[in-house]
Amino acid sequence: MTDDSDDLTRPFSPPLAPGASVTLGSDASMLPPSPVVPDLRFGLGRLSRGLIIYGVIGLAFAVICLGVLAYVNSRFDAAGDRVQTTMEELATTIDRTADVLHDASTTAQSFTVTLGRTQEAVSAAADTVISVRTNLQTLESVLRTVNILGVSPLGTAADAVGGIATSIQGLDSRLTAIADGLVTNGDSLAANATSLGQLGDSTAAMAERLRSGVVEDSMADVQLLVVVMLLLMAAWAAVPAAGALAFGIWLRRELERSAAA
């Protein structure tokens, strides 16, 4: 069974006669047509120009980074010199302050000794006053006991001695209070002397630390970090820019050579 639709759509070709031959075309005429290759020279030319522009801009940015690097490095050097001078002056001032504190501590210690001796002297004076008052009171009593024929010829002297004993009464307590105050003040002054000595030691240690160059070393570390960052930025811009520029120039020469051929 045949399909009538194939007969309707198939082009008509007359039947071959018996013994007739069929002639075929050449192999080239039987091949399908080759595809058309587009011309990429225009696009490659634009690409080469873009690469060259990018390379020039990248190299210019790298040069700017190097200029900024040189400027920042010079500013850091100048700042380092100023900081070094300032730190030396500050260390000298702190050293002098430490000397003053140590001298004040020594003076306070020596004055503490003086206060201790003064307290001993005042305490001894208080004891002496007590003894003198007791003796005067005894002498007054003895003088009043002298009686000649009912008359006390030494009564006036006894009154004078009693007046003296009365006038110095309470002096011993005041001297004792002064001695106690001297003891308290001596203890406080000794504590102040110790604190001044410790403060002088800390101040001297700070001056020595400033002279050790710790501030200058910190600034040098910051300078190194900034320099490395700028160098990395310059390299990050210069390396691909140089590659793009070289490739763009080579591509343009190749396009010019192919156009000339």
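Every read-out reported here was derived from the displayed coordinates using simple, explicitly stated rules and does not represent laboratory data. Owing to the predicted nature of the structure, the values given are computational and were not obtained by experimental measurement. Heads up, the Cβs are rebuilt from the backbone with ideal geometry, glycines too, and the neighbour counts pull from every protein chain shown.
From the list Val215, Val228, the one residue that fits, being assigned to a helix (DSSP H, G or I) and either more than 30 Å from Ala62 (Cα to Cα) or in contact with a helix residue (DSSP H, G or I) (Cβ under 6 Å, 6 or more places away or on another chain) (or both), is Val215.
The number of residues in the stretch 205-261 that are touching a residue at least 60 places away in the same chain (Cβ under 8 Å) and of a type in the set (Ser, Thr, Tyr) comes to 1. Does any residue of the stretch 104-126 turn out to be part of a helix (DSSP H, G or I), in contact with an Asp or Glu (Cβ under 6 Å, 6 or more places away or on another chain) and surrounded by 14 or more Cβ atoms within 10 Å (Cβ to Cβ)? For the stretch 104-126, residues part of a helix (DSSP H, G or I), in contact with an Asp or Glu (Cβ under 6 Å, 6 or more places away or on another chain) and surrounded by 14 or more Cβ atoms within 10 Å (Cβ to Cβ): present.
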